[in-house]
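The values are calculated or read from the model by the stated rules, or taken from the named source; none is laboratory data. Please read these numbers as outputs of a predicted model, since none were measured by experiment. Ideal geometry is used to build each Cβ from the backbone, glycine not excepted, and the neighbour counts take in all protein chains shown.
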Amino acid sequence: MTALLKLSSIIDGISSVIGRIGDYLVLLCCLISAGNAIARYTFHGGSNAWSEIQWYLFAYVVMMGASYTLARNEHIRVDLIYGAVSERKRLWIDVIGTLFFLLPICAICAWLCWPFFKISFLTQEMSSDAGGLIRWPVKFMLFFGFVLLFVQGISEFIKRVAALMGLIQLETKYEKPLQ
């Protein structure tokens, strides 16, 4: 189990780096959006490529940020059940949910996204908008995001099993989002 916990730590580190990159890309996306709006409405300029860059950055933030969010235990939960049970039951809910829902769904989505990306890459698909960008990088983000989420799911599974075995302490406290 020590080797698996070390693997989990490496996976968490990768998710953390990718998530922190996403933090800065949100700012970059806002700056590009503002710059593009100023160019369009003040100088009657701008470019479809700048609009598409925003879309690509947003895709990165969402798809790559999913594994970071899972690593930080900030993903969506069923509040009615999770908040009302003991810590040990929360760990079991996480183990079962990861094993029977998260991992299979991520594997299926990655498997379905691969041909979507591959065809776009092989044909060098371009945006149909004038001045648009190539499409395969954003389609790769779909595939890679699900792969990262799958791998982070494995890390979370390892940590929950270790916590159930009493090998580590794991915080399962969950704050219900403010509505």
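When residue 86 is tested against (1) among the small types (Gly, Ala, Ser); (2) farther than 23 Å from residue 151 by Cα; (3) at pLDDT 90 or above, only condition (3) is not met. If you go through region 79-134 and keep only what is more than 30 Å from residue 53 (Cα to Cα) and of a type in the set (Val, Ile, Thr), you end up with 81, 85, 93, 95, 96, 98. So for region 119-134 (the condition being assigned to a helix (DSSP H, G or I) and either of a type outside the set (A, V, I, L, M) or within 22 Å of residue 18 (Cβ to Cβ) (or both)), does at least one residue qualify? Within region 119-134, one or more residues are assigned to a helix (DSSP H, G or I) and either of a type outside the set (A, V, I, L, M) or within 22 Å of residue 18 (Cβ to Cβ) (or both). Among the residues making up region 134-150, a single one is buried (at least 20 other Cβ atoms within 10 Å of the Cβ) and among the β-branched types (Val, Ile, Thr): 138. From the list 36, 48, the one residue that fits, being of a type in the set (S, T, N, Q), over 22 Å from the mean Cα position of the chain (by Cα), closer than 24 Å to residue 137 by Cα and crowded, with 16+ Cβ neighbours inside 10 Å, is 36. With a requirement of 2 or more residues that are of a type in the set (S, T, N, Q) and under 22 Å from residue 154 (Cβ atoms), the helices (runs of 4 or more DSSP H) lying completely within region 1-118 that satisfy it span 2-42, 48-71. Pairs are defined by a Cβ separation below 7 Å, a sequence spacing of at least 6 or placement on different chains, a first member in region 135-153 that is closer than 30 Å to residue 48 by Cα, and a second member that is hydrophobic (A, V, I, L, M, F, W, C) and outside any helix (DSSP H, G or I); the pairs so defined are 135/126. As a summary of the residue check, residue 11 satisfies the conditions (1) of a type outside the set (Lys, Arg); (2) free of Cβ contacts under 8 Å to residues at least 40 places away in the same chain; (3) within 30 Å of residue 166 (Cα to Cα) except for the one numbered (2). Among the criteria (1) out of contact with any Cys (no Cβ under 9 Å at 6 or more places or on another chain); (2) surrounded by 12 or more Cβ atoms within 10 Å (Cβ to Cβ); (3) without any contact (Cβ under 8 Å) to a residue 40 or more places away in the chain; (4) β-branched (Val, Ile, Thr), the one residue 61 does not fulfil is (1). Show the residue pairs meeting these rules: Cβ distance below 8 Å; 6+ apart or different chains; first residue within region 106-121 and more than 19 Å from residue 64 (Cα to Cα); second residue outside any helix (DSSP H, G or I) and of a type outside the set (Phe, Trp, Tyr). So the pair list comes out as 119/125; 120/135. Of all residues in region 157-166, at least one satisfies being outside any helix (DSSP H, G or I) and either of a type outside the set (Gly, Ala, Ser) or under 30 Å from residue 46 (Cα atoms) (or both).
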